[in-house]
Amino acid sequence: MNKEKNALFITSDLKEDWWEIPKKDYDLVSYEARKELVQEFNELTGKRIRFIPFDLFVSFLESYNNQESLYNYLFQNIAEIESMVSDQVLRFVGENEKHIISCDDIIWNSDVTKGYVSYDYVIDVTDKEIISVEINSFDEDDNGGFSVELIVSVNIYGYFNVSSGLEGETYHYVEGDFTKEDILIHVTINFSSKQVTDLKNIMINSDLDDFDRIVKEAEVREIDLIDSGIIDLDHDDPDESALLDYYQWEWDRDEERFAKW
């Protein structure tokens, strides 16, 4: 035995000679080596030894080499991936606001202009928010690395006002809030072969701190706009407001006349 390395002892023998038997004997993960055996090995070699049941080792090995298992592991820890790409995605959205919020959305929206010509306007984005991150595809390359393609859904929130009219005269002024919903961003992340190996090891050891580190080290290769989403406007129609004010004025006037009678 090489005394310079720690050891892994794999056995299908599940007797009390080797193991602290758990209450549920079918729960292989709960099997632990007898402490006196581990201590004796350490005293003789100065190294550590880990015991693992054969069937559990085979299960780990299958998971290690199984692309679907790695995909599922990434899916289960999607929050860490979202944290890694969020700043870059929101920065990309900010840099492309003029393409995402088109003139037709607000400035030439007939509900806003009522058929008049827009003369002056303000569109002010106040906030951006990532709504969801989903893994769209997962591809392994010839060098042992892989790429993950994400679909990120983003909302943009803001304020607007539009002045419109005819022949230089302003007849209509509208202000309100807007939400651009379900903006879809495509993101490609590359993991090197070394990072893939590290991820597979983490799957076995369940070390989320190392997972977070590897995700941060991965390369964001591409960020593209897939869909600019839909616009939702929240504003009062000044013509309708004026008409309601007029009706209210008539109501108040009639009540005043009735009171005098």
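No lab work stands behind these numbers, since they all come straight from the coordinates. These figures come from a predicted structure and were not determined experimentally. Cβ sites come from the backbone with ideal geometry, for glycine too, and all protein chains shown count toward neighbours.
Roughly how many debye, to the nearest 20, is the charge dipole of segment 95-179 about its Cα centre, given +1 on each Lys and Arg Cβ, -1 on each Asp and Glu Cβ, and no other charges?
Details: 3 positive and 19 negative charges, 92 e Å.
That gives a dipole near 440 debye.
What percent does the relative contact order of segment 7-53 come to when contacts are Cα pairs within less than 8 Å and at least six residues apart?
Relative contact order for segment 7-53 comes out at 52 percent.
Explain nothing, just the number: relative contact order of segment 67-252, from Cα pairs under 8 Å at least 6 residues apart, as a whole percent.
Numbers: 312 pairs, mean separation 39.6, N = 186.
Once normalised by length, the contact order is 21 percent.
Enter the Cα centre distance for the pair segment 127-143 and segment 152-225, rounded to the nearest angstrom.
Cα centroid of segment 127-143 versus Cα centroid of segment 152-225: 10 Å apart.
Which entries in K180/K200; K15/K47; K35/K216; K47/K194; K5/K200 show an alpha-carbon gap greater than 28 Å?
Values: K180/K200 39 Å; K15/K47 24 Å; K35/K216 38 Å; K47/K194 26 Å; K5/K200 21 Å.
Too far apart for the 28 Å limit: K180/K200; K35/K216.
Could you go through segment 178-189 in sequence order and give the Karplus-derived ³J(HN,Hα) for each residue, using 6.51 cos²θ - 1.76 cosθ + 1.60 with θ = phi - 60°, rounded to whole Hz, and x for Gly and Pro?
Values per residue, Gly and Pro as x: 9, 10, 9, 9, 6, 6, 9, 10, 9, 10, 10, 10 Hz.
Which value, in debye to the nearest 20, describes the size of the charge dipole of segment 7-53 about its Cα centre when Lys and Arg Cβ atoms bear +1, Asp and Glu Cβ atoms bear -1, and nothing else is charged? Working shown, then result.
Details: 8 positive and 10 negative charges, 43 e Å.
Roughly 200 debye for segment 7-53.
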